[in-house]
Every structure is written in C-alpha cells, then in structure tokens.
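Visitor: Before we start, here is the structure in question, set down as structure tokens.
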Amino acid sequence: MSADVAIVGAGYVGMPLARVFADAGKTVVLVDVNQGVVDAINRGESHIGDVSSDALKALVDAGRVSATSDYDALKEVDAILIALPTPLSTHREPDLTIVESAAAEIAPRLRKGQVVVLESTTYPGTTRESLQPILERTGLKAGDDFYLAFSPERVDPGRTDWTTKNVPKVAGGITPACTERAAELYGSAIDTVHRVSSPEAAELTKLLENIFRSVNIALVNELAILCDRMGIDIWEVVDAASTKPFGFMSFSPGPGLGGHCIPIDPFYLTWKAREFGFYTEFIELAGKVNEEMPYFCRSLVSQALNHAKEMSLKGSKVLVLGVAYKPGIGDMRESPALKLISLLQNAGADVSYYDPHVPKFSEHGLVMECVPYDPAAYDCVVIVTDHSEIDYGRLVDDADLVVDLRNATGDKGTASEKVFKL
C-alpha cells in the first residue's frame, strides 16, 4: 500500500511528525537506514520518548504508519520530508553529508508534482544551493515540476504543552508556489502555518531562535561566574529580575548547553557569515562562555570538597545526579554532564551517576551504568540535571555535601552550609 507522506529519518523529529500526519488521517512511511529501528517501528515499538509505543502500535495496526529502509517507497508518495541530522565537523563546520546522501537517493525517485521539504536545521542557502541542484539532476525543475521548501523543526523533547501539532510551522519555498504547496501540506495536520518569502528566511528563523537562547544563557552564565566572586546569589538576582512584567525574559545559568540545537546550530551561521566577510562576534563569544561552564563547575566541586571536607578531587567519591541534557527525558545529545564527568575523572575523582531516565550510556569515550540512588555513600553529590523524580529536600538532609548547579535545592539549599550553589 502506498503512503501519502514519506519522512526520511525516524528520529526525534521524524517520529513525532509521522504521528501528527497519521493522526490527521494521512498514511506515512518512515525511511531510515537503521534496520533495527525500522523493524521496531513496524512492530509498534517506539525508540523516541515523545511517541509512546502504545500510540505508535495503534497507528501501525491501523495501517497509518510503516517503516522501511528502501528508498523506493518514495516513488508513489505525495510529499517527502527530510528530517536528518546536520552535525558539525571536527573543525566546527556544517557537515551536510547525511542530508546530501539522502537527497541523492531521493533524486532518481522524484516525480512530477511531489513536495519535498527539508526540516533539518542548517545555514541559510542550504535548500537552494545544496539540495535543489541534487534534486534537479534528473531534469525536473523546482517550482515547475516539483515543489521544494524548507520548514524548520521546532521539537522540544519531553514537552507536552507545545508539541509538533500545535507549535506554529514556518515554511518558505524556492518559489511562491513551492511555499503554498508546503503550507497546504503542513496545514492538513498542524494547527498553524506561517509562510515566509524564501527558504533562506525560514532557515535563518530557526537559527535566530537558537542563537537567542545561546546568547542569553551565556549572559547569565557569565554573571553566575561574576556573582561567585562577588558573593551574590545569581538565582536570587534572576528570580528578582523576573518579577518585572515587561522587558525581561528569564534564563537560568547551568553547567553548559545540551541538546542538538543550542550548542551546535549557531555555528552554522558563523560559518556562513564568513562567506560574506562578516564575523558573528556575539555567537562566538556566547559559545566561548557556555563551553567554559563545565570547567568552572569542576572548580566549584573542587572548592566545595576543599572547604567543607578538606578533601581534594583526587580520590573523592562523586555522584552526578542527572546526565540527560534536560529534565524529564533520557536524551543525552551534547549533554554537559559528559564533559563535567570527564573533567572530574581527569582530576582523579571516582565518579558515578544516577539518572532515572538513563540506565547506561556510551558517549564521548565514557562507558557508564546508572548506580542505585544512595547519596549518603558519596563525598559529594553534584546536581547536573534536575529531574523531578528526586526529592531534593531530603537529598540535602542525606548527603554529606551537595553542589547544586540547577538551584534544585531551593531555599533549603541556600540555608544549608553543606550545599554549594552555582
């Protein structure tokens, strides 16, 4: 049975997107190179937290969702959505290899009338300069024979209030007709579609969203370091500033940035800007400040051990609470916990972790398993990710020493001599 919509990439973006279209009555086929993922989807087993296995199985059993590793499934669909990773290279330059390889597979299967939309976050010009030439190799022309657009994903894993369905969708096409066809497609399943004049405008929209967060988080992180020297509670300051009903948006300091978007996406624009002889100094400075935070937090742990217990990091037992990049999920992409754990280990600490959402992980040269929750068994407990499953008031009572990088312990932590806060 042919599908209405094909989604290339069955990950954090593709899976929720498939569910939204299927819930709207479309038949969806997910195309992924990982055969294990494909087989699991076809059994109704989800590997993405935002789509439960129960919800997926109902759609699979109803014939609304299927998966395959065969690109030939694209031949009969009306629309092809590309939701693939766009990482940075080791030199911190955009790596479009995965997207361009997929485009090369799509091109020989492309037919007249199809809509092709790139959702992967990237620099302005990618859709027109990289994707369009690959798809037009067959002689079909974007805007005449098929419709090509960019519509950035806006997934925030773990959220239930703002989802793929109700977060407004931005869409910009190579031609006005491309924009309209993309908008019609998304409008059939998503509550609100916002049209822009070009794919470049849509591409930069996504980057602006993430740069805004990166720069403001860097600002409050820098203030946190200053407040440490001045003996001022940064959390009290941010809380007080947040009482202003206009002209201020609250951001919290922390041990560093996590997730695929904020630590990576701003540098797509930094790279592209150099083509125009322009240097994005805010972006570079924000990146520098945010990347230094794990080092500062390592120093904070060292100071806490020294002042409270007259111990050095070397030989101390440290429990890291939370290794996912944000609360409530098990997503470890670019988690600052990874860097902090490495730094603590390099300083000689015996580091373990507890995270109710991450039973084990193998990332960035670290191979670890979650230990039982027993804060009293450690010289120091470091709160890196503030999962709601943990009773932080009781943690203050049970632990010998707590370094709170998220203000999870609140007023009780502020009042306790054995809690050191960022």
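Values in this text are rule-based calculations from the coordinates and carry no lab data. Note that the structure is predicted; figures quoted are calculated from it, not measured. Glycine also receives a Cβ, built like all others from the backbone with ideal geometry; neighbour counts cover every protein chain displayed.
Visitor: Per 0.36 nm of contour for each residue apart, how much would the distance between A177 and F248 grow if the chain were fully extended, relative to their Cα-Cα spacing?
Guide: Numbers: separation 71, 0.36 × 71 = 25.56 nm, distance 3.94 nm.
Gain in length upon complete extension: 21.6 nm.
Visitor: Do any GluC sites (Glu not before Pro) in the range 242-315 lie in a loop, going by DSSP, with at most 16 other beta-carbon atoms within 10 Å of their beta carbon, and if so which? Mind showing how you got there, number by number?
Guide: Working: sites: E275, E281, E284, E291, E292, E310; in loops: E275, E310.
Hits after loop and neighbour filter: E275, E310.
Visitor: Work out how much length A24 to H47 would gain on full extension: take 0.36 nm times their residue separation and subtract the Cα-Cα distance, in nm to one decimal.
Guide: Numbers: separation 23, 0.36 × 23 = 8.28 nm, distance 2.18 nm.
Contour length minus the Cα-Cα distance gives 6.1 nm.
Visitor: Taking the highest mean first, how do the peptides 232-239, 378-385 order by number of other beta carbon atoms within 10 angstrom per residue?
Guide: Numbers: 232-239: 16.1, 378-385: 26.2.
Result, highest mean Cβ count within 10 Å first: 378-385, 232-239.
Visitor: Right, here's the next one. With r defined as the distance between the Cβ atoms of S69 and E291 and R0 fixed at 35 Å, what FRET efficiency is calculated, to the nearest 0.05? Spell out each step's value before the answer.
Guide: Numbers: r = 37 Å, r/R0 = 1.05.
Here the calculated transfer efficiency is 0.45.
Visitor: Further question on the same structure: Please report the spacing between the Cα centers of the range 339-404 and the range 1-79 in Å, no decimals.
Guide: Between the Cα centre of the range 339-404 and that of the range 1-79, the gap is 36 Å.
Visitor: To continue, here is another question. Can you list the trypsin sites (Lys or Arg not before Pro) in the range 304-355 that are in a DSSP coil and have 14 or fewer other beta carbons within 10 angstrom? List each step's numbers first, then the result.
Guide: Details: sites: K309, K314, K317, R333, K339; in loops: K314, R333.
Sparse-neighbourhood loop trypsin sites (Lys or Arg not before Pro): K314.
Visitor: Give, in nm to one decimal, the length gained when the segment between T90 and S2 is fully stretched (0.36 nm per residue of separation minus the Cα-Cα distance).
Guide: Details: separation 88, 0.36 × 88 = 31.68 nm, distance 4.01 nm.
Residue separation times 0.36 nm, minus the Cα-Cα distance, leaves 27.7 nm.
Visitor: With point charges of +1 on the Cβ of Lys and Arg and -1 on the Cβ of Asp and Glu, referenced to the Cα centre of the range 271-415, which listed residue (T385, H357, I341) lies farthest in the positive direction of the dipole?
Guide: The residue sitting farthest along the positive end of the dipole is I341.
Visitor: Using the per-residue mean of other Cβ atoms lying within 10 Å as a proxy for protection, in what order, highest first, do the peptides 413-422, 3-12 fall?
Guide: Highest mean packing first, the order is 3-12, 413-422.
Visitor: May I ask which of K75/K112; K206/K360; K288/K317; K26/K75; K112/K206 have a Cα-Cα span longer than 21 Å here?
Guide: On the way: K75/K112 10 Å; K206/K360 32 Å; K288/K317 30 Å; K26/K75 16 Å; K112/K206 29 Å.
Where the Cα-Cα span goes over 21 Å, the pairs concerned are K206/K360; K288/K317; K112/K206.
Visitor: Filter the chymotrypsin sites (Phe, Trp or Tyr not before Pro) in the range 328-367 down to the DSSP loop ones having no more than 14 other Cβ atoms within 10 Å, then list what survives. Mind showing how you got there, number by number?
Guide: Values: sites: Y353, Y354, F361; in loops: none.
Counting only loop positions with at most 14 other Cβ atoms within 10 Å, none of the chymotrypsin sites (Phe, Trp or Tyr not before Pro) in the range 328-367 qualifies.
Visitor: Separate question: Could you list which residues have their amide H under 5 Å from that of L30, counting only those 5 or more apart in sequence or on another chain, with H placed in the peptide plane?
Guide: HN-HN under 5 Å from L30: I7, S66, A67, T68.
Visitor: Give, rounded to the nearest 20 debye, the magnitude of the charge dipole that the range 7-131 has about its Cα centre when Lys and Arg contribute +1 at Cβ and Asp and Glu contribute -1 at Cβ.
Guide: Details: 11 positive and 17 negative charges, 63 e Å.
In debye, rounded to 20, the range 7-131 gives about 300.
Visitor: What shape does the range 64-144 have by the C-alpha gyration tensor, where a ≥ b ≥ c are the square roots of the eigenvalues, rounded means a/c under 1.5, and otherwise prolate means a/b greater than b/c and oblate the rest?
Guide: Numbers: a/c = 2.09, a/b = 1.38, b/c = 1.51.
Since a/c reaches 1.5 but b/c is at least a/b, the shape of the range 64-144 is classed as oblate.
Visitor: Based on the Cβ-Cβ distance of N166 and D398, what FRET efficiency does E = 1/(1 + (r/R0)^6) give at R0 = 41 Å, to the nearest 0.05?
Guide: On the way: r = 41 Å, r/R0 = 0.99.
In this case the efficiency is close to 0.50.
Visitor: Roughly speaking, what % of Cα-Cα pairs in the range 1-129 are separated by over 26 Å, rounded to a whole number? Could the numbers behind the result be given before it?
Guide: Numbers: 1654 of 8256 pairs.
Tail of the P(r) past 26 Å holds 20 percent of the pairs.
Visitor: Return the percentage of antiparallel bridges among DSSP beta bridges fully within the chain, rounded to the nearest 5 %. Mind showing how you got there, number by number?
Guide: Values: 7 of 46 bridges.
That works out to approximately 15 percent antiparallel.
Visitor: Going by Cα centres, the range 115-131 and the range 181-229 are how many Å apart?
Guide: 16
Visitor: Given the rule -39500 (n - 2.57) for each run of at least 4 DSSP H residues, summed and divided by the residues of the chain, what is its mean residue ellipticity at 222 nm, to the nearest 500 deg cm²/dmol? It would help to have the intermediate numbers written out before the result.
Guide: Details: 13 runs with 155 residues, N = 422.
Calculated at 222 nm, the ellipticity per residue is -11500 deg cm²/dmol.
Visitor: Between E105 and Q303, with labels modelled 7 Å along Cα→Cβ, what's the label distance in nm to one decimal, could you check?
Guide: Taking the two extended label points, one gets 5.0 nm.
Visitor: Ranked from highest to lowest mean number of other Cβ atoms within 10 Å per residue, what is the order of the peptides 366-376, 397-407? Don't skip to the end; give the middle numbers.
Guide: On the way: 366-376: 13.6, 397-407: 22.3.
Per-residue mean Cβ counts within 10 Å order the peptides as 397-407, 366-376.
Visitor: How big is D for the chain, in µm² s⁻¹ as a whole number, if Stokes-Einstein is applied with the Kirkwood radius of its Cα pairs at 25 °C and 0.890 mPa s?
Guide: Numbers: Rh = 23.2 Å.
It diffuses with D of about 106 µm²/s by this estimate.
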